[in-house]
Amino acid sequence: MTVRSGGTPTPSAGKTGGKGSGGNAAELEALQAALAAEHAAVYGYGVVGGRIGHDRRVEAQEAYDGHRARRDRLVRAVSDLGATPRAAAAGYALPFAVADSAAAVRLAAELERRIAAVYSDLVRAATGARRGDAAEALREAAVRAVRWSGESVAFPGLAERAAAGPGASATPRE
């Protein structure tokens, strides 16, 4: 699996469809991409937690717990569609070195921006309650990104796509 700098994992080998998918391959692929992004966020927040200053440690722990919970819900959603959930990579290449608390804060903001981009894709691909869940996840990521960075964008999840460009990529370490 490869994660583009916008946070969107490219398809991995393995079963992505199956019984119960209702023929909505785009929704299933968007679910798998969100799951892969949540795996990466959980990894990234592990790094954040190791470097973040004491004053923001609770905030980092809450974000870590939130991403773990979303990841677990996505595993169930993919399984409910009869597909095999994408597994986490053993490690992920970070977008920059995280040597201190300031870098940890920047990484947390970047993780949230990337998650927002992936959830914007899921909002577009999903229907019904799943679309509502994706919109809520997008909102949460956008709010956390603002809290970490102090900056906001007009359309969270969309600006990240335009800024990333088509050729940018970051590859997880295996």
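Some notes on this structure:
- Rounded percent of accessible protein surface that carbon and sulfur make up, the range 63-135, 1.4 Å probe: 53 percent
- Full extension of the segment from R124 to D65, taken as 0.36 nm per residue of separation minus the current Cα-Cα distance, would add 18.7 nm.
- Counted over the range 47-91 with a bin width of 10 Å, the fraction of Cα pairs per bin, in whole percents, is 25, 37, 26, 12, 1.
- Candidates per chymotrypsin sites (Phe, Trp or Tyr not before Pro) in the range 69-127, loop by DSSP, up to 10 other Cβ within 10 Å: F96
- The Rg/Rh ratio of the range 75-164, with both radii computed over alpha carbons and Rh defined as the Kirkwood radius, is 1.02.
- Solvent-accessible area per residue, Å², over the range 89-163 with all protein chains present [probe radius 1.4 Å]: 48 Å²
The values are calculated or read from the model by the stated rules, or taken from the named source; none is laboratory data. These figures come from a predicted structure and were not determined experimentally. Using ideal geometry, Cβ is built from the backbone for each residue, glycine included, and neighbour counts are taken over all protein chains shown. Calculation scope for accessible area: heavy atoms of the full protein, side chains included, ligands and nucleic acids excluded. Shrake-Rupley method; radii C 1.70, N 1.55, O 1.52, S 1.80 Å.
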